[in-house]
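My structure is below; once you've seen it, I'll send some questions.
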Ligand code: F6P
């Protein structure tokens, strides 16, 4: 079986949505609230300790019905069952997409290529558990007999962004080990990390699904060279472990086969933190917390698989995103977590979303004639309020924004938390209502501002409001709720890709730059600039002359 190849714009549902959009485009969200003050009761979903309020959107019940009609006519139900059951839905790479199997229960039977993958998944999980315990407890030691104090994750893209985001997010649950991340091929990055390390007490986790990625191999070689300045070749076995599908290349690098944590080609890089790619998460917070992260994702998987579409948080968020992207012409979405712990969530979701859905060819092999992949960006609140919120409030662009907040703070500092959360609620309220001319004028009158000055200032101080937001309010930031949150966005991405009729699980677009970089590197090494466009030749010659 394969995902169907329906062009969404050819469906009856799409045409109905277009007509509906034409009819309601001038209606504001403020008006929708005035028309119905019980609106929030219709547009909120509660699941586990998550609350989604999506009432502050430019939607009516008719909008939702039409969006659901679109999901149904595109065959979303069938697509979800193909996704979870290991069908080859990543057709251009001829692979199943089974990151969800990594968080399934041990009793599950999920097949890739006719083979149940669960026994292998649990074998690797048990290996992660044992290894994490040995490192954290100090039982496993470095080459001079000292316990490990530092962990360095060497990887890039999906082999870095997931672990670095989760370790940062779960800092509160961290143990004594200090975790570092080296990703960029920029030598200054690796050197800044190296200078903090003691080779005797540092464990290096090389993470590369392919073990061919230039950045990761270069950084690993540099680190190995530095390590061998104080240790011997045979000490590598104690200090270097690898996570990869490419066992041959890992062994060539000199890593002891016992220290290889396998993964599988049915796990996409940007969805791989649930596999052994998450080893540094397990080392940083302990296996039990890591397992809770997986468990939270599992629970979201169950919700996504079984809830009716109108009760299904990932489906509803994906449909709203399609509504704004394809009918309102919104190009980007902002993501504002009101917790500093989630400062790496936006970069993580940038890869997950944009590498997945940044496609312009449909599953039928033809160029699409509509917009796909949204641009994702964001920073934690309240910092972001003092940085780019001006544009969201008063700029010319429509930027649907997700606000993610927690009811309980982790350190229990109620004073800070109440201030943080009052900003959280105030922002979505301000984005909805804005400030009318009459309100601004009333403020001027109260302040006694002279009429000529007030007349000049008035248009600048008016906020139109009518800015769409979703509010996701979660009880507490725990490994489990983080797992559910990440899985929620993974499934949102999947639903969008299904509707947009694209292949979400390949990434051919990143290949060309890699190929060109390799041939330009040869030219730099041999100092011979070959045939390029005049701009690239000019830049290369300037670089070589001044280097
Ligand atoms: O940049 C493309 C990409 O293939 C990502 O999809 C992936 O996460 C990253 O490179 C790293 O790849 P690897 O884990 O094979 O080193």
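Just name the residue that is surrounded by the most Cβ atoms within 10 Å (Cβ to Cβ) out of those in the stretch 244-260 that are within 13 Å of the ligand (Cβ to nearest atom) and more than 18 Å from residue 222 (Cα to Cα).
Step by step, filter the stretch 244-260, then rank; the result is 244.
Would you pick out the residues in the stretch 211-240 that are over 19 Å from residue 258 (Cα atoms) and in a helix (DSSP H, G or I)?
Going through the stretch 211-240, the residues over 19 Å from residue 258 (Cα atoms) turn out to be 212-219, 221-223, 225-231.
Hits for the stretch 211-240 are 214, 215, 216, 217, 218, 219, 221, 222, 223, 225, 226, 227.
Looking at this structure, is residue 474 closer than 30 Å to residue 162 by Cα, crowded, with 21+ Cβ neighbours inside 10 Å, in contact with a strand residue (DSSP E or B) (Cβ under 7 Å, 6 or more places away or on another chain) and assigned by TED's automatic domain parsing to the domain that holds residue 47? Full working, then the answer.
On the way: closer than 30 Å to residue 162 by Cα: yes; crowded, with 21+ Cβ neighbours inside 10 Å: yes; in contact with a strand residue (DSSP E or B) (Cβ under 7 Å, 6 or more places away or on another chain): yes; assigned by TED's automatic domain parsing to the domain that holds residue 47: yes.
Spelling it out, residue 474 is indeed closer than 30 Å to residue 162 by Cα, crowded, with 21+ Cβ neighbours inside 10 Å, in contact with a strand residue (DSSP E or B) (Cβ under 7 Å, 6 or more places away or on another chain) and assigned by TED's automatic domain parsing to the domain that holds residue 47.
Something else about it: Out of 44, 94, which single residue is under 25 Å from the mean Cα position of the chain (by Cα), free of Cβ contacts under 8 Å to residues at least 24 places away in the same chain and not assigned by TED's automatic domain parsing to the domain that holds residue 425?
94 is the lone residue from the list that is under 25 Å from the mean Cα position of the chain (by Cα), free of Cβ contacts under 8 Å to residues at least 24 places away in the same chain and not assigned by TED's automatic domain parsing to the domain that holds residue 425.
Looking at (1) in a loop (DSSP other than H, G, I, E, B); (2) surrounded by fewer than 18 Cβ atoms within 10 Å (Cβ to Cβ); (3) within 16 Å of the ligand (Cβ to nearest atom), find the lone condition where residue 347 falls short.
It is condition (1) that residue 347 fails.
Going residue by residue through the stretch 357-375, is there one that turns out to be in the same structural domain as residue 18 (by TED's automatic domain parsing), part of a helix (DSSP H, G or I) and either over 23 Å from residue 160 (Cα atoms) or out of contact with any strand residue (DSSP E or B) (no Cβ under 6 Å at 6 or more places or on another chain) (or both)? Write out each step before concluding.
Of the stretch 357-375, the ones in the same structural domain as residue 18 (by TED's automatic domain parsing) are 357-375.
Restricting the remaining residues to those that are part of a helix (DSSP H, G or I) gives 357.
Among the residues that remain, those that are also either over 23 Å from residue 160 (Cα atoms) or out of contact with any strand residue (DSSP E or B) (no Cβ under 6 Å at 6 or more places or on another chain) (or both) are: 357.
Among the residues of the stretch 357-375, at least one is in the same structural domain as residue 18 (by TED's automatic domain parsing), part of a helix (DSSP H, G or I) and either over 23 Å from residue 160 (Cα atoms) or out of contact with any strand residue (DSSP E or B) (no Cβ under 6 Å at 6 or more places or on another chain) (or both), which makes the answer yes.
Can you say whether residue 379 is outside the structural domain of residue 159 (by TED's automatic domain parsing), surrounded by 14 or more Cβ atoms within 10 Å (Cβ to Cβ), in contact with a helix residue (DSSP H, G or I) (Cβ under 9 Å, 6 or more places away or on another chain) and within 23 Å of residue 99 (Cβ to Cβ), as far as the supplied structure shows? Break it down stepwise before answering.
Values: outside the structural domain of residue 159 (by TED's automatic domain parsing): yes; surrounded by 14 or more Cβ atoms within 10 Å (Cβ to Cβ): yes; in contact with a helix residue (DSSP H, G or I) (Cβ under 9 Å, 6 or more places away or on another chain): yes; within 23 Å of residue 99 (Cβ to Cβ): no.
Criteria not met by residue 379.
Among the residues in the stretch 210-219, are any in contact with a strand residue (DSSP E or B) (Cβ under 6 Å, 6 or more places away or on another chain), at pLDDT 95 or above and away from the ligand (no atom under 12 Å from the Cβ)?
Within the stretch 210-219, none of the residues are in contact with a strand residue (DSSP E or B) (Cβ under 6 Å, 6 or more places away or on another chain), at pLDDT 95 or above and away from the ligand (no atom under 12 Å from the Cβ).
So how many residues does the stretch 261-293 have that are out of contact with any strand residue (DSSP E or B) (no Cβ under 8 Å at 6 or more places or on another chain), within 16 Å of the ligand (Cβ to nearest atom) and assigned to a loop (DSSP other than H, G, I, E, B)?
So in the stretch 261-293, the residues out of contact with any strand residue (DSSP E or B) (no Cβ under 8 Å at 6 or more places or on another chain) come out as 267, 269-274, 278, 281-282, 285-293.
Those left that are additionally within 16 Å of the ligand (Cβ to nearest atom): 267, 269-274, 278, 281.
Applying the additional criterion that residues be assigned to a loop (DSSP other than H, G, I, E, B) yields 267, 272-274.
Qualifying residue count, the stretch 261-293: 4.
Restricting attention to the stretch 505-516, report how many residues are more than 12 Å from the ligand (Cβ to nearest atom) and either surrounded by 11 or more Cβ atoms within 10 Å (Cβ to Cβ) or within 21 Å of the chain's Cα centre (by Cα) (or both). Even if it seems obvious, please write down each step before you answer.
Initially, the stretch 505-516 is screened for residues more than 12 Å from the ligand (Cβ to nearest atom), giving 515-516.
Next, from what is left, pick out any that are either surrounded by 11 or more Cβ atoms within 10 Å (Cβ to Cβ) or within 21 Å of the chain's Cα centre (by Cα) (or both): 516.
Number satisfying all stated conditions: 1.
It is to be established whether one or more residues within the stretch 221-228 are under 18 Å from residue 279 (Cβ atoms), surrounded by 19 or more Cβ atoms within 10 Å (Cβ to Cβ) and within 16 Å of the ligand (Cβ to nearest atom). Reasoning before the result, please.
First pass over the stretch 221-228, keeping only residues under 18 Å from residue 279 (Cβ atoms): 223.
Checking which are surrounded by 19 or more Cβ atoms within 10 Å (Cβ to Cβ) leaves us with 223.
If we keep only those that are within 16 Å of the ligand (Cβ to nearest atom) too, we end up with 223.
Yes, the stretch 221-228 contains at least one residue that is under 18 Å from residue 279 (Cβ atoms), surrounded by 19 or more Cβ atoms within 10 Å (Cβ to Cβ) and within 16 Å of the ligand (Cβ to nearest atom).
Could you tell me how many of the residues in the stretch 160-193 are part of a loop (DSSP other than H, G, I, E, B), within 13 Å of the ligand (Cβ to nearest atom) and either without any contact (Cβ under 8 Å) to a residue 12 or more places away in the chain or buried (at least 18 other Cβ atoms within 10 Å of the Cβ) (or both)?
Selection size over the stretch 160-193: 2.
Is there a residue in the stretch 439-446 that is at positive phi and at pLDDT 95 or above? Break it down stepwise before answering.
From the stretch 439-446, those at positive phi are none; that's our starting set.
No, the conditions are met nowhere in the stretch 439-446.
Residue 297: in contact with a helix residue (DSSP H, G or I) (Cβ under 8 Å, 6 or more places away or on another chain), away from the ligand (no atom under 16 Å from the Cβ) and closer than 22 Å to residue 107 by Cβ, yes or no? Please lay out each step first, then the result.
Details: in contact with a helix residue (DSSP H, G or I) (Cβ under 8 Å, 6 or more places away or on another chain): yes; away from the ligand (no atom under 16 Å from the Cβ): yes; closer than 22 Å to residue 107 by Cβ: yes.
The answer is yes for residue 297.
Another question about this same structure. Can you confirm whether residue 37 is outside any strand (DSSP E or B) and at pLDDT below 95? First the steps, then the outcome.
Values: outside any strand (DSSP E or B): yes; at pLDDT below 95: yes.
Taking the combined requirement at face value, the residue satisfies it.
Right, here's the next one. Can you name every residue in the stretch 314-344 that is within 13 Å of residue 165 (Cα to Cα) and in a helix (DSSP H, G or I)?
Answer for the stretch 314-344, where residues must be within 13 Å of residue 165 (Cα to Cα) and in a helix (DSSP H, G or I): 340, 341, 342.
From the list 369, 357, which residue is closer than 22 Å to residue 328 by Cα and exposed (fewer than 14 other Cβ atoms within 10 Å of the Cβ)? Lay out the reasoning, then the answer.
Values: 357 fails: exposed (fewer than 14 other Cβ atoms within 10 Å of the Cβ).
Exactly one of 369, 357 is closer than 22 Å to residue 328 by Cα and exposed (fewer than 14 other Cβ atoms within 10 Å of the Cβ), namely 369.
Quick one: is residue 196 more than 16 Å from the ligand (Cβ to nearest atom), assigned to a helix (DSSP H, G or I) and either more than 30 Å from residue 300 (Cα to Cα) or touching a helix residue (DSSP H, G or I) at 6+ places or on another chain (Cβ under 9 Å) (or both)?
no
May I pose another question? Pairs needed: first member in the stretch 16-28, surrounded by 13 or more Cβ atoms within 10 Å (Cβ to Cβ); second member anywhere, in a loop (DSSP other than H, G, I, E, B); C-beta distance under 6 Å; at least 6 residues apart or different chains.
Pairs that qualify, where the first residue is surrounded by 13 or more Cβ atoms within 10 Å (Cβ to Cβ) and the partner is in a loop (DSSP other than H, G, I, E, B), are 28/466.
The values are calculated or read from the model by the stated rules, or taken from the named source; none is laboratory data. Model, not experiment: these values are computed from the prediction. Virtual Cβ from ideal backbone geometry, glycine too; neighbours counted across all protein chains shown.
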